[in-house]
1. Count neighbours as other Cβ atoms within 10 Å of each site's Cβ, and list the trypsin sites (Lys or Arg not before Pro) in region A:127-171 that are DSSP loop with at most 10 such neighbours.
2. What ³J(HN,Hα) values, in whole Hz, does the Karplus curve 6.51 cos²θ - 1.76 cosθ + 1.60 give for region B:21-34 when θ = phi - 60°, with x put for Gly and Pro?
3. Quote the total accessible area buried by chains B and A together, excluding ligands, DNA and RNA, probe 1.4 Å, nearest 100 Å².
4. What is the calculated FRET efficiency for B:N411 to B:R147, with r their C-beta to C-beta distance and R₀ = 41 Å, to the nearest 0.05?
5. If a/c stays under 1.5 just call it rounded; otherwise compare a/b with b/c (prolate if a/b is bigger, oblate if not). Do that for region B:34-121, with a ≥ b ≥ c from the square roots of the Cα gyration tensor eigenvalues.
6. Treat every Asp and Glu Cβ in region B:210-323 as -1 and every Lys and Arg Cβ as +1, leave all other atoms uncharged, and give the resulting dipole magnitude about the Cα centre to the nearest 20 debye.
7. Using a 10 Å cut-off on Cβ to Cβ distances, tally the other chain neighbours for every residue of A:193-201 and report the average as a whole number.
8. Could you derive backbone 3J(HN,Hα) for region A:344-357 from the dihedral phi with the Karplus parameters 6.51, -1.76 and 1.60 (θ = phi - 60°), listing whole Hz in sequence and x where the residue is Gly or Pro?
Protein chains: 2
Amino acid sequence: MNLDRMRHSFEELAKFTDKGEGINRLAYTEMERNARLYMIEQLELAGLMVRTDYAGNVIARREGTAPDLPVVATGSHIDSVYAAGEFDGTAGVLVALEIMRSLQDEEISTEHPLEVIIFACEESSRFGASTLGSKAMTGRLDPAYTRSLTDKNGVTLMQAFEENGLDLEEVHLAKRFRDEIKAFVELHVEQGPVLEKQGVAVGIVSAIAAPIRFHVHVEGTADHSGTTPMDYRRDALLGAAEIALSVERAAIEELAHGTVGTVGVFAIQPGAMNVVPGLAEMDVDIRGTSLASRERVVKALEQALEDVKKARGLDIWMEEISSETPVEMDPAIVADLQAVCEQQNIKWITMPSGAGHDAMNMASLCPTSMIFVPSKNGLSHNPAEYTSLEGLMEGAEVLRAFLLKQAQVVNE
Amino acid sequence: MNLDRMRHSFEELAKFTDKGEGINRLAYTEMERNARLYMIEQLELAGLMVRTDYAGNVIARREGTAPDLPVVATGSHIDSVYAAGEFDGTAGVLVALEIMRSLQDEEISTEHPLEVIIFACEESSRFGASTLGSKAMTGRLDPAYTRSLTDKNGVTLMQAFEENGLDLEEVHLAKRFRDEIKAFVELHVEQGPVLEKQGVAVGIVSAIAAPIRFHVHVEGTADHSGTTPMDYRRDALLGAAEIALSVERAAIEELAHGTVGTVGVFAIQPGAMNVVPGLAEMDVDIRGTSLASRERVVKALEQALEDVKKARGLDIWMEEISSETPVEMDPAIVADLQAVCEQQNIKWITMPSGAGHDAMNMASLCPTSMIFVPSKNGLSHNPAEYTSLEGLMEGAEVLRAFLLKQAQVVNE
C-alpha cells in the first residue's frame, strides 16, 4: 500500500465540501453526489465494477475467481455532519480504495469477490435519521417513516432521492440477501479517547452499544431565595443534581462492562439569581453493549428518582424517549481480526463501539465487525478531528490481511 | 380601626394599574403618580399635612402637641414590579392610612408628631435600582449612578423625574437629618413562608439580610457521550452539581443563623443528548444577617471549588458579583414591638428579613424595625400574592400601639 497515494486521495476528497468551517458534505446533496462520482471513478480505475443501488449506496465489486461465492465486503460512508472533520467515514472508504489499488498493483486474485461499499446517508445531520443506506440494504427501513423525513430547508427525502436519480418508492429493492455476503468489516476512526490513551494501534469492535434515553422532570417550588429558609425549600435544581450524580455513580460501577451514563441536557426554571429553582428538566442517555449492565444503571436512575422524591418532597417523573438494542459483532470475525493483529505484530485491544455505525445494520445480514483506529484527543464531528495517516495505515494492514484471508488468495 | 374601610382602600388603590396581569404600577410612571395623588388626598382627608420631597417621597405629617419633637414614622411604598400582587408595599401604606383615620375618629392626640412616608421607587423593576426614595432620604444616593439609570424604553431617570415635576440635580435635598425622626417602623408582607407555616400573626424583624453573590465557571471537556468511558470524562455538569449541593449543605449547617444559599442560575453547554457537558456556569447567592455565618458558607463554597477541581480535574473559577452588608434593626425598637405584642396577646416571633426594604436605609438615619404579616404560601411579586385583611389587621394593631407608645398619647 502507498501512503502518499492515500494522502492524495484524502486531499482530493476533502475538496468536495460546501462552504463553512471544516467539511460540509451532507447526505444526498449535490456536493456529496459529486464526491460519490469521484469515488466511483477511482474505484473503477482500481479495477472494480461499480453500481449504485436503489438507496444511493455505491457497491464496487472486485471479481473473484469463483464469482458465485459470497463476497467479502468492507466500506463506510462519505457523507458528513455540519463542520465535520476529514476522517469520520472517509477513513474507511479511502483505506478500502487503497487496499483495492494495492491488490491491483500486486496483481493479487482472490477466490471470493471483494466489495467496497459506500453507504448513503450515514449521518443524521440532514434528515434527522442515520444509517439510511445500510438500513435499506438490510431491509430495516420503514417506508412510512422515510416518507415523513424533511431537511431544515423543507426538502423531503423523496425530493432528495429524485435529485439523485432515485425513487424512494423503490428503496426496498436495495435489500440484499443473507448468502450474498460472507463477511463485512468496517474500518472507522474511534471517535473516543481509549486507543490514544492506551497507546494501542487498533481496536477490534466486539459489540456496538445502544442507548436508552429518558426525559426527567423535577418539579419543586420557585420561592424567593432571600425569604425562604433552607428547610422550607423544594429546590428542583438540587434534586436534579443528585439524580445526575447517581447516574454517574451507577455507570462507574459498570465500568468493567463499558456502560456509560450521561446527563447531556439540563435546564432549570425560572433561572433568576433570587429565585429558588422551581423546575429542572434533563435528558439522560445510558448506553452499553450489555443489556443487563445497562438495565442496572436504569434501575439505579429509577431508585434515585424515588429517593430524591422522598427526601426532598419534589414531584419527579420520567418518560422513556427511546430504547435501542445493542448489537453483538460476530465472534468468529472478531477472533480472525485478533489473529491478524497478532500475525502482523500490531498492538490491539477488543472494545465496544459507543457510537452507532452502518456495521450495526450489516450485522443483521452477515458476520460483521469493525476496526477502530485512534482519534486524536478522542475528537470527532469537529474540524479538529484527526487521525495520522501512519496510524490509519496500521488499521489498513489489518483490514487488508483480513479481507485476503476471508476471500482466499489464489495466486500469492 | 375599620376593616371594611381598609378593604375599600385596597380596592380603590388596586384600580391604579397599567394593563397586564395583576398590579402593574411601576415607579415614576403616570399610573403610579395618579396613585400617589389619590393617597395624598386620602391622607389629607385623614387630617395630615402632606408634602412631596425632592425624590418624590410623600411625607404626611400628623401634628403633635409638641411640634418640635422628632416625629414617629411609619410607611412603605406603592410602586410595584411587573405582574405584582396587591400587598407588597401597599399593605404598609394602607395600614398606616387606616391607623391615621382611626386616630382622627377617636380624636387621639400625641405629643410627638406622627408621619406616614410613601417611599418612591422601592422596586428595581423599572430602572434596575431599588429603594431610590429611601436612599435619597438617607443621603445614600450616588449622583453619577442615578444619572446613568434608564428604563427598558430608553427613558432616563432624569426624564422620569421631570415628568413628575422633580429635578434629579436637586435630589440630594431630599436628605433628612438624624434628630428629625425618633423611630421608623415599616409594616410589610413577609414574602416568605415562615409566619404561615408556624401559625404566627406577626414577625418582628431583628435584621435585614444582605447577599454576597458569585458567578462560578466550571470547565471540562465536551466529549461524545457514547465513545468516552466514564473514567476518561471531565463532566462540567457533575462538578457544578456537587458544588451546588455543597452550598446547600453549608447553608443548612447555618440554619440557626438563618443564612441561606441558593444556586438560582445554572446553565450548561453544549446541552446535547449525546455530548458530555463541557461547560457549566452558575450564579450563587448567599445571604444572611450574620456576616460571620455568611462567611462560613462562602468558605464552604470556596472549599467545594477546590475539592471538585482536584477530584474531577476540571478548571473552576469564580468571581464575586456583589457584596452587601446586613443591617441590624434597633434592639430597643425590637424590644418595644415585642412588648406591644405581649400586651395585645398577639402571637409573634423575631425573625430576619431575607429581602431588602426601605427600612434597610432608614436604619442608618434613626432607630428602625419592621413588622411582618403572613404571606399566603410565601408568595410575592406575583398576582397570587395574598395576605388576609384580618391578618393584616393584627399587624396594624401592633403598629398602632407602637406608634402611640413612642409618640406619647396626651388625651387618652
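The values are calculated or read from the model by the stated rules, or taken from the named source; none is laboratory data. Bear in mind that the values here come from a model prediction, so they are computed numbers and not experimental data. All Cβ positions, glycine included, derive from the backbone under ideal geometry; neighbour counts span all protein chains shown. Surface accessibility is based on the protein's heavy atoms, side chains included, excluding ligands, DNA and RNA. Shrake-Rupley method; radii C 1.70, N 1.55, O 1.52, S 1.80 Å.
1. Details: sites: A:K135, A:R140, A:R147, A:K152; in loops: A:R140, A:K152.
Those satisfying the criteria are A:K152.
2. Using θ = phi - 60°, the values come out as 5, x, 9, 10, 9, 6, 4, 6, 8, 4, 5, 5, 4, 5 Hz.
3. Numbers: alone 17880 and 17900 Å², together 31500 Å².
Roughly 4300 Å².
4. Details: r = 49 Å, r/R0 = 1.19.
E between B:N411 and B:R147, to the nearest 0.05, is 0.25.
5. Values: a/c = 2.16, a/b = 1.68, b/c = 1.29.
Prolate, because a/c is 1.5 or more and a/b exceeds b/c.
6. Values: 11 positive and 18 negative charges, 28 e Å.
The calculated dipole for region B:210-323 is roughly 140 debye.
7. Details: counts 8, 4, 0, 0, 3, 0, 0, 0, 0.
Neighbouring Cβ atoms belonging to other protein chains average 2 per residue here.
8. Once θ is set to phi - 60°, the couplings for region A:344-357 become 8, 6, 9, 5, 9, 9, 9, 8, x, 9, x, 9, x, 8 Hz.
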